[in-house]
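Here's the structure we're looking at; comments come further down.
Just so you know, all these numbers are worked out from the coordinates, no wet-lab data involved. As the structure is a prediction and not an experimental result, all values here were calculated from the model. Cβ sites come from the backbone with ideal geometry, for glycine too, and all protein chains shown count toward neighbours.
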Amino acid sequence: MVFSHTDFYNTHLVSSAVQTNEYSNINNCSSSVRKFILLGFSYTWEIQILLFSVFSGTYILTLTGNLCIICAVLWYHQLQTPMYILLANFSFLEIWFITSTVPNMLANFLSETNTISVSGCFLQFYFFFSLGTTETFFLSAMAFDRYLAICRPLHYPTVMTVQRCIGIGSGCWMCGFLYFLLPIYLISQLPFCCPNTIDHFLCDPGPLIKLSCVPAPATEIICAIYNSVLIFSTLFFITSSYTLVIRAVLRVPSAEGRHKAFSTCGSHLAVVSLFYGSIMVVYVSPTAGNPAGIQKYVTLFYSVLTPLVNPLIYSLRNKEMKMTLRKLFRMGISLEVEFLAYI
């Protein structure tokens, strides 16, 4: 069978028209993406209501526990030391960290659409990752504080003053909110195509990059580098600090002194293990090979459950904090009794 020049020309026109039509559809779809659909946890309505109740309770308990720590540090002068000032900052951070995801997730449990605007998605993305980055810096600062207190006790009062502690805390907040600006900007510049569904309960870089109309290997590599540098550098600093702390504690002749030092450091290490163990599963290589379901549940662990257990870990393993919280609780009860009597 022989094709004439005319047949070839007509075939070329048809092929070009099909390609143009496909390209036009992609562009139309891309330009029409004004919102994303967060699939979240797709279960039956009854289970959705149950999850709403569970996470509402978790959210309230997290806010209450962290607010108690903040109030204890603000109201009692004996706790206004660098260690507790950093702890109060950390509790304040945890309140905003869980608030960046849970309220929207609770709304989606009761919604049929589960949509979020593109601007709202990237706003959540920015705050969630900036707050998570700030948490790594605060954990590093708290490890450094414990290193100075235990390994350099004579220099500690002059090196870690309250003013310097406030400066370190301010630096953690500033660096945390500046660190991820480039990856977030690069992802926001990608063209997004249909389907605009994200198999997650929040706007995460991996699913967002997968929705791009064009491959973005450079953006993926940059995100992976940023995540890896942040996670491994801060984790190395924290583990190095606590290694030196443990070595110094083992030299303490008093068993009571060793127990007190290990108690304080043990609570810090528990928080570090919970946080870093979960984020390394997801974000060291953000889009490579991890099933969406695993990413979703691991993210749920460190973004919702970790802020809940942090105040429990710090308060239950710290005698001064437990005593102060008891005083705070008794004062609250007495004020309530006086108010009821006045009424």
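From the phi angles alone, apply the Karplus equation (6.51, -1.76, 1.60; θ = phi - 60°) to the stretch 320-326 and give each ³J(HN,Hα) in whole Hz, x where the residue is Gly or Pro.
4, 5, 5, 5, 5, 5, 5
Using +1 at the Cβ of each Lys and Arg and -1 at the Cβ of each Asp and Glu in the stretch 202-268, identify which of Ser241, Pro253, Tyr226 lies farthest towards the dipole's positive end.
Positive-most Cα among the choices belongs to Pro253.
How high is the relative contact order of the stretch 183-277, in percent, counting Cα pairs under 8 Å that sit 6 or more residues apart? Don't jump to the answer; show the numbers that get you there.
Numbers: 40 pairs, mean separation 20.7, N = 95.
Here the relative contact order equals 22 percent.
How many nm is it between the label spots at Leu178 and Thr115, if each spot is 7 Å from the Cα in line with the beta carbon?
It is 3.8 nm.
Scan around Phe192 for amide H atoms under 5 Å from its own, H built in the peptide plane at 1.01 Å from N, and keep only partners 5 or more places away or cross-chain.
Cys213
Amide H neighbours of Thr197 under 5 Å, at least 5 residues apart or on other chains, H built in the peptide plane: list them.
Amide H to amide H, under 5 Å and 5 or more residues apart or across chains, Thr197 pairs with Ile37.
For Lys322 and Arg258 in the same chain, what is the full-extension length gain: residue separation times 0.36 nm, less their Cα-Cα distance, in nm?
21.1 nm
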